[in-house]
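Since the structure comes first, as structure tokens, the remarks are kept for the end.
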Amino acid sequence: MNSIEILDKDSITAVKLLPAAIEITSQERRMIKDAAVHLHRKYGSYENRDFIRHVHQLASYFLPERILNIAADFASDFSKDQYGALIFKGLMDIDQEEIGITPSNWQSADSSKFNLYGFACALVHGALPSKPVQYYSQRKGGGLIHAIIPDEKMRETQTGSGSATDLYVHTEDAFLKHQADFLSFMYIRNEEQVPSTLYSIRSHESIGENFKPLFERIYKIPKDANLETDTNEEETLDSVLYGNFRLPFMRFDAAEQLFNPDIQQSEEAHHCLSEFWEEARHLIYSNFTPQAGDVILVNNHLCAHGRSAFRAGVRNIDGVEHQCQRRIMLRMMSKVSLIDMRAHTLTDDPFFVIEEHLGKNFQQLQNV
């Protein structure tokens, strides 16, 4: 069970769950590294579809039993005590010399340098079990892993490439009906010591009658800042909460639904979202600063994620700023079932999702 802490905000007491943190032992870390090396020799790349098709069996064979048990319990636990995020501390040793200087953006990153880490992340997803997938809405696919690197040209944006502003908590691809079930974030380097932020729908003491309207399909859920939204898509409405009424799942993007000046929610929808955000924002967890080799695993239906603002390439030590290598984070997404989203995948590649917005596919890929 996750530990809890009690917050007192204006005499209103709320329970704030904390994500579970697992210290990986040196023996477990060695097992994972040896597995990644072996799989690299056999399959060449974590993108290899033979590897992905068998990732569940391979995870059971190669991963330490403790991690397998933790992952399996996490994947099917939707209880009131499940935060929706696991922190694996020190899952991998990162060879910083091999990684080299952080490139100026993700486009210029050498993906081959992340190959071993890709195998390790895929095995963690396989242990859930869940299969790694890629989304056309994310960098036109871009592979099963995305390197998240601060880009000076995008520093003010609400994207992974931004840095100058807080990245509001959000469930990944909230604008999709078939968004990822699970996300992993592996930190290759975080020399700036940027805290991650997490927010769980389970952190509320009770959803109760106050948030009942969030189950209604009255909310605009626009595409994120990486994509253009046309007028017709803006009129597509959906709910913020769904599933079980007492212990619901969540589809939420604060930046796009509440603070995007181009998106005009109805008066009712905006009021409900504002009331929800007023409580939710006090439940955001930001007391964890990832170190190189840490992995955060997130249930994308229970937990939203974000990060604090920072100066890329600058670390503050006792009030003195020092130049450092800019952060690199690897994101992988996965789905438990490939069957449910089959109408939204490429014909010859069920691991490639072509959904554009709330059940609509990208037209140019519809018949591919």
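Read the figures in this text as sums done on the coordinates, not as results from a lab. Since the structure is predicted, the reported quantities are computational estimates derived from the model, not experimental observations. So basically every Cβ, Gly included, is an ideal-geometry build from the backbone, and we count neighbours across all protein chains shown.
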Response to the item:
From DSSP H assignment alone, runs of 4+ in the chain each adding -39500 (n - 2.57), the sum over residues rounded to the nearest 500 puts [θ] at 222 nm at -6000 deg cm²/dmol
Worksheet item: Which FRET efficiency value, to the nearest 0.05, do you get for F259 and D349 by plugging their Cβ-Cβ distance into 1/(1 + (r/R0)^6) with R0 = 51 Å?
Response: 0.90
Worksheet item: Got a sec to turn the phi values of the stretch 356-368 into Karplus ³J(HN,Hα) couplings, 6.51 cos²θ - 1.76 cosθ + 1.60 with θ = phi - 60°, whole Hz, x for Gly and Pro?
Response: 9, 6, 6, x, 9, 8, 5, 4, 5, 10, 4, 10, 8
Fill in: Projected-area mean, the chain, by convex hull of Cα positions, square nanometres
18.7
Fill in: Three-way shape label, the stretch 106-204, alpha-carbon gyration tensor, a/c 1.5
rounded
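Listed highest first by mean packing, meaning other Cβ atoms within 10 Å per residue, what order do 168-176, 47-55, 316-324 come in? Display every interim value, and only then the final one.
On the way: 168-176: 23.7, 47-55: 16.7, 316-324: 9.4.
Peptide ranking by packing, descending: 168-176, 47-55, 316-324.
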Worksheet item: So, counting K/R as plus one and D/E as minus one, what does the shell of residues with Cβ under 13 Å around L183 add up to?
Response: -1
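Using unit Cβ charges (K, R positive; D, E negative) and no other charged atoms, how large, in debye to the nearest 20, is the dipole of the chain about its Cα centre?
For the chain, the charge dipole is close to 1120 debye.
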Worksheet entry | log₁₀ of I(q)/I(0) at q = 0.18, 0.21, 0.22 Å⁻¹ - the stretch 294-366, Debye sum with one point per alpha carbon | -0.88, -1.02, -1.07
Practice prompt. Kyte-Doolittle cut-off -1.0, length cut-off 24 Å along the helix's own axis using Cα: show which whole DSSP H helices in the chain pass.
Written response: none
Item to complete: Would you mind calculating the relative contact order of the stretch 251-365 from Cα pairs under 8 angstrom and at least 6 residues apart, reporting the percent as a whole number?
Response: 10
Worksheet entry | Long-range amide H partners of L91 with built H, under 5 Å | D294, V295
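Would you tally the net charge around I317, using a Cβ to Cβ cut-off of less than 12 Å, leaving I317 out, and scoring K and R as +1, D and E as -1?
Neighbour charge sum, excluding I317 itself: -3.
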